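> Take this structure, written in structure tokens, and hold onto it; I'll ask about it next.
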Amino acid sequence: MIPRELKESLAQHIASIDHPRELVVDVMFAVQDHYGYLSDEAVEEVAELLDMSPLEVEQLATFYTFIYREPVGKYVIHVCDSVICWMEGHESLLDHLSGKLGINLGETTPDGMFSLLPVCCIGYCDRAPAILINKKVYGPLTIEKLDDILEKLRAEGLTPSI
Amino acid sequence: MMNYPQVLFQNRKADRIATLEEYRQSGGYEGLSDALSKASHKEVQQVLLDAVLLGRGGAAFPAGRKLMTVADDAPHPRYIVCNADEMEPGTFKDRVLIHADPHMLIEGMIIAGYGAQAEKGIIFIRPEYESAAIILEREIEIAEKAGYLGKNILGSGYSLDIVVHRSAGRYICGEVTAQLNALMGKRANPQQPPPYPTEKGLWERPTVLQNVETLACMPHILRNGPEWFKKLALTETGAGTKIFSVSGRVNSPGCYELPMGVRLSEIIEVHAGGMVEGSEYKACLPGGASTRFLPRDFYDIEMDFDTMRNVGHRLGTGAIMVFDQKTCLVAATLNLVEFFARESCGWCTPCREGLPYIRDLLRRLEEGQGEEEYIPMLQQMSKHLWSSYCAFAPGAVSPVESLITYFEDEVREHISQRKCPFK
């Protein structure tokens, strides 16, 4: 269950607009932020808030790239594989990431730190090859730069949040 | 370096947005203020039509004409939607524009909103542009406080509110009718008109959808007049400036605001810093992934909607992706089709079934398992994709068709050598 506070603030927002359903993506994001991904329970909670059927929410949840229906790591790495990043060497970046993290595309490291997902052109072709980590862009990347970033994130991720 | 007038990028800075004050100092909100106090909404439509402002999102539809298709007696509330989804591969001009001068877009939306007599404005933005979404929300609030948004704008009696709508990321959401479905919380499948969105769009109400760059042109047209706007172009048929986002094998990939009709060779050699060392120009996709490869023969072409159309090409979004002689265009096309196959909404059969089929043929060719008969098969399958509901599928096969038109020899080498000749 999402906390009562979150539920109430979402319900309030929903009640304040003419066509509640237009908020479905916002609500999915908010609930996903709480759980880390959109669990079955979350789909039902979103549906209830917006007076939709769980199936209606499900067909949106599975449609969008940034809604995760499975658990993901603390850091979600989206690797751009569209044509400019492809030309600038995205494949060697991906191989390196895969090797270093020990996971393939679509998987999460056993410690729950990193998930690796492909993404289509993210609109940073002037900084190719580029990736997103939790929606923040990094590029143009080299293997060395990538290693630095991963190390920093790992250290940051291991620091307990207060 | 040629010194062309900077209109949309006049306040562009290296590290931050232009503030409302800076935008006003450069003449910002004067066009709106004049329009609201002196012109009827019909006159605004006419000025935009006279300026030959064509849609910068790729379709090149006249912006003034679009506003005119909203009937006088059409019901309210009406909607003005800014398409900031910008998911066409190679395209990043709208992101740069919002990060340079957000009030230019906001003023453009108010002008277009007035032209359509709309009460509600929505900016539809992709999740990868979260920083732009945050900027816009903040600047919308600042514009409201300054009296440019909300009730009774500048005492004119005209009212408009603007909200930012975040998408969760899917290429098809950039298509007009799909975007409307997405906004209404439905699966973003396109719908074949009629009814047209300007007649029955969001919640059955008239809805005008314009691209970021198109809207950003509007304040300047209102302030300086349609003749001035037309004269910005180097060609007779063109009008205004165009932001070209250049990427690929050039020394300085980035966004360049240049006159409409500037030559491709000049964009690459002068503005984008020339080809990287050891690279020669082989081809480019001139306006995103859904345009046709432009080979060496067109290297000096004037980049304008009309001149491109006259030679069977499209200017699209003006996103120029440059390929060199060392890049295999079969592999590049395979990558592009992979993108389209993944992003197809799957609603109609030719697109859902045809793209994986084409991808499979291209993959076999690239892996050296191609047969002679694959070439006519690719052509025929591409033709079938033109009978889909929306422009997604015809766009998706543009690289495939042009690959065979201009680079058939390269495709054949893959077949005769039983391998990719670039490997």
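Throughout, read-outs are computed from the coordinates displayed, never taken from laboratory work. Predicted model, so just to flag it, every value in this text is computed and none were measured. Glycine gets a Cβ as well: all are built from the backbone with ideal geometry, and neighbour counts include every protein chain shown.
> Taking H placed 1.01 Å from N in the peptide plane, check which residues at least 5 places from B:Ile320 or on another chain put their amide H under 5 Å from its amide H.
B:Ser245, B:Val246, B:Ser247
> Determine the shielding of peptide A:63-69 by partner chains: average, over its residues, the number of Cβ atoms on other chains within 10 angstrom of each Cβ. Before the final figure, lay out each step's value.
Values: counts 11, 9, 10, 9, 3, 0, 0.
What the average comes to for A:63-69 is 6.
> Report, as a whole number in µm² per second, the diffusion coefficient that Stokes-Einstein gives for chain B at 37 °C and 0.692 mPa s using the Kirkwood radius over alpha carbon pairs. Intermediate results must be reported in sequence, preceding the final value.
Details: Rh = 22.1 Å.
Answer, rounded: 148 µm²/s.
> Just to be sure I understand the rule: take each whole DSSP H helix in chain A, project its Cα atoms onto its long axis, keep it if the span is 18 Å or more and its mean Kyte-Doolittle hydropathy is at least 0.5. Which ones pass? List each step's numbers first, then the result.
On the way: long enough: A:143-158 (22 Å, -0.26).
Long hydrophobic helices here: none detected.
> Right, next: Just need the relative contact order of chain A here, percent rounded to a whole number, with Cα pairs under 8 Å and 6+ apart.
Values: 201 pairs, mean separation 28.7, N = 162.
With pairs under 8 Å counted, the relative contact order is 18 percent.
> How far is helix B:130-145 tilted off the main Cα axis of chain B, in degrees rounded to 10, range 0 to 90?
20 degrees
> Okay, next question. For helix B:102-116, what angle does its Cα long axis make with the longest principal axis of chain B, in degrees from 0 to 90 and rounded to 10?
80 degrees
> Continuing with this model, one more query. Dipole magnitude of the stretch A:75-158 about its Cα centre, charges +1 at Lys/Arg Cβ and -1 at Asp/Glu Cβ only, in debye to the nearest 20? Numbers along the way, then the final one.
Values: 7 positive and 12 negative charges, 54 e Å.
Dipole size: approximately 260 debye.
> Per residue of A:107-114, what is the mean number of Cβ atoms on other protein chains within 10 angstrom of that residue's Cβ? Walk me through the numbers on the way to the answer.
Details: counts 0, 0, 0, 0, 0, 0, 0, 0.
For this peptide, the per-residue mean of nearby foreign Cβ atoms is 0.
> Compute the signed sum of charges (Lys and Arg +1, Asp and Glu -1) over the other residues within less than 12 Å, Cβ to Cβ, of B:Glu408.
Values: positive: B:Arg412; negative: B:Glu372, B:Glu401, B:Asp409, B:Glu410, B:Glu413.
Once all neighbours under 12 Å are counted, the net charge is -4.
> Using the crude model of +1 on Lys and Arg Cβ and -1 on Asp and Glu Cβ, and no other charge, please compute the dipole size for chain B relative to its Cα centre, in debye to 20. Walk me through the numbers on the way to the answer.
Numbers: 45 positive and 54 negative charges, 128 e Å.
Roughly 620 debye, rounded to the nearest 20.
> Rounded to the nearest 500 deg cm²/dmol, what is the calculated helix-only ellipticity per residue at 222 nm for chain B, with -39500 (n - 2.57) per DSSP H run of length n ≥ 4?
Details: 16 runs with 171 residues, N = 423.
Helix contribution divided over all residues of chain B: -12000 deg cm²/dmol.
> Sort B:Lys231, B:Lys200 by Cβ crowding within 10 Å, fewest neighbours at the top.
Least to most surrounded, the residues fall as B:Lys231, B:Lys200.
> Next up: Ranked by Cβ crowding within 10 angstrom, fewest neighbours first, how are B:Phe61, B:Phe407, B:Phe305 ordered?
On the way: B:Phe61 15, B:Phe407 19, B:Phe305 25.
With the sparsest Cβ surroundings first, the list reads B:Phe61, B:Phe407, B:Phe305.
> To the nearest 10 degrees, how steep is helix B:329-343 against the longest Cα principal axis of chain B, on a 0 to 90 scale?
Helix B:329-343 and the main axis of chain B meet at about 50 degrees.
> Counting Lys +1, Arg +1, Asp -1, Glu -1, what net charge surrounds B:Ala132 among other residues with beta carbon under 14 Å of its beta carbon?
Numbers: positive: A:Lys135, A:Lys136, B:Arg16, B:Lys93, B:Arg95, B:Arg126, B:Arg138, B:Arg166; negative: B:Asp85, B:Glu86, B:Asp94, B:Asp101, B:Glu128, B:Glu130, B:Glu137, B:Glu139, B:Glu213.
Net local charge, B:Ala132 excluded: -1.
> What residue among B:Leu105, B:Leu32, B:Leu234 has the largest mean-square fluctuation in a Gaussian network model of chain B, using Cα springs under 10 Å?
B:Leu234
> In vacuo Debye scattering of the stretch A:59-162, one point per C-alpha: log10 I(q)/I(0) at q = 0.11, 0.24, 0.25 Å⁻¹?
Cα-only, vacuum Debye calculation for the stretch A:59-162: -0.32, -1.40, -1.48.
> Quote the relative contact order of the stretch A:40-108 in percent (integer), defining contacts as alpha-carbon pairs under 8 Å separated by 6+ residues. Before the final figure, lay out the partial values.
Numbers: 27 pairs, mean separation 11.8, N = 69.
Relative contact order comes out at 17 percent.
> Within 10 Å of each residue's Cβ, count the other Cβ atoms and sort B:Cys345, B:Cys328, B:Cys217 from fewest upward. Don't skip to the end; give the middle numbers.
Values: B:Cys345 22, B:Cys328 18, B:Cys217 28.
Lowest count first: B:Cys328, B:Cys345, B:Cys217.
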